[in-house]
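The values are calculated or read from the model by the stated rules, or taken from the named source; none is laboratory data. What you see is a predicted model, and the numbers here were worked out from it, not measured in a lab. Note that each Cβ is placed from the backbone with ideal geometry, even for glycine, and that neighbours are counted across all protein chains shown.
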Amino acid sequence: MTVASTGGFGTRAGGLAPPEPNPIVAAIAAQRRRQTRRFRIIFVATWAVLIGGLLGALVAAGRIDFPFIREWGPYILGGVWTTIFVAVCSITIAILFAIVGALGRLSSNPVLFSVSTLYVSLVRGTPLLVQILFIYLALPQIIPGVSEVPAIALGIFALSFNYGAYMTETFRAGIQAVPRGQTEAAEALGMPGRTRMRRIVLPQAIRIITPAIGNEFISMIKDSSLVSVIAVPELLWRAQRVGQSNFRTLETLMIAAAIYWGLTIVLSLVQDRLEKRMAESDRRI
């Protein structure tokens, strides 16, 4: 017959019982939860009052035509897919530009260092809109075949070329942040320089700069609206086309702004979740 242990520590059969919760700690935790809940309620209520007040004032003044919004809202919303496509393609190519530029900036070869430095300085020293117009309007005068390239491809190239220069410094800092002992250990094992960079340094550097890449992608979503000037049918282009043809620019630009805002909020929440998961994995390591 099995005898249950009934010692002075409140034990169960076969083991110790969990410790009693500290009432002071539990009270502090409950108070923090109440404060957090109250803060969130006030936060949401403040947003609702400000946004609702602005919209209410516009409606009261007769400035917003809701039947027009219902009619043309879906058409404008359809440009979101082109916006996302342009942003995803641009940030992907920009990462490639940034990797090459960062390696050039870290190179001991004076020619590679000079070319990458010129690239970063030139792109960061001129406006993105000028670069888009130059690639779309001026580049065909230099390279005749460019005139046959679709406008969306030229817009993607312009965005990626620009963001690649800005992300070059981010990648350079990420590569330099990798502990030197990692490369020294790989070198001691006889691993060639290119293999060390591909298998040891770059994977760790990309992990370090992932939050920065997320910020750049959120900015890319908004800056992709600039390709509307070269007739790429994305979100802003559709909003301008409908607004100007119907003389209802207020409604169409409000729709476009609300969609851009919603996209950035969703992407920011995704990025915050990703950063928290990465931080938890780092602590486990």
Quick one: how many residues across the range 183-205 are exposed (fewer than 15 other Cβ atoms within 10 Å of the Cβ) and touching a residue at least 60 places away in the same chain (Cβ under 8 Å)? 0
Step by step: first the residues of the range 139-187, then only those that are of a type in the set (S, T, N, Q) and under 19 Å from Leu128 (Cα atoms), then the one that is modelled with the lowest pLDDT. Which residue is that? Thr170
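Can you find even one residue in the range 211-230 that is more than 20 Å from Val80 (Cβ to Cβ) and either among the aliphatic types (A, V, I, L, M) or surrounded by 17 or more Cβ atoms within 10 Å (Cβ to Cβ) (or both)? Working first, answer last.
Start the filter on the range 211-230 by keeping residues that are more than 20 Å from Val80 (Cβ to Cβ), which leaves 211-213, 215.
Filter once more, keeping what is either among the aliphatic types (A, V, I, L, M) or surrounded by 17 or more Cβ atoms within 10 Å (Cβ to Cβ) (or both): 212-213.
Checked against the condition, which is being more than 20 Å from Val80 (Cβ to Cβ) and either among the aliphatic types (A, V, I, L, M) or surrounded by 17 or more Cβ atoms within 10 Å (Cβ to Cβ) (or both), the range 211-230 yields at least one hit.
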Scan the range 72-114 for residues that are part of a helix (DSSP H, G or I) and surrounded by fewer than 14 Cβ atoms within 10 Å (Cβ to Cβ) and jot them down. Pro74, Trp81, Thr92, Leu96, Pro110, Val111, Ser114
Result of the Cβ filter at 7 Å on the range 112-127, keeping first residues that are assigned by TED's automatic domain parsing to the domain that holds Met167 and partners that are small (Gly, Ala, Ser) and assigned to a loop (DSSP other than H, G, I, E, B), at least 6 apart or interchain, is Phe113/Ser107
Starting from the range 206-235, keep only residues that are of a type in the set (Phe, Trp, Tyr), then list their pairs with residues that are part of a helix (DSSP H, G or I) whose Cβ atoms are within a distance under 7 Å, requiring at least 6 positions of separation or different chains. Phe217/Ala87; Phe217/Ile91; Phe217/Leu267
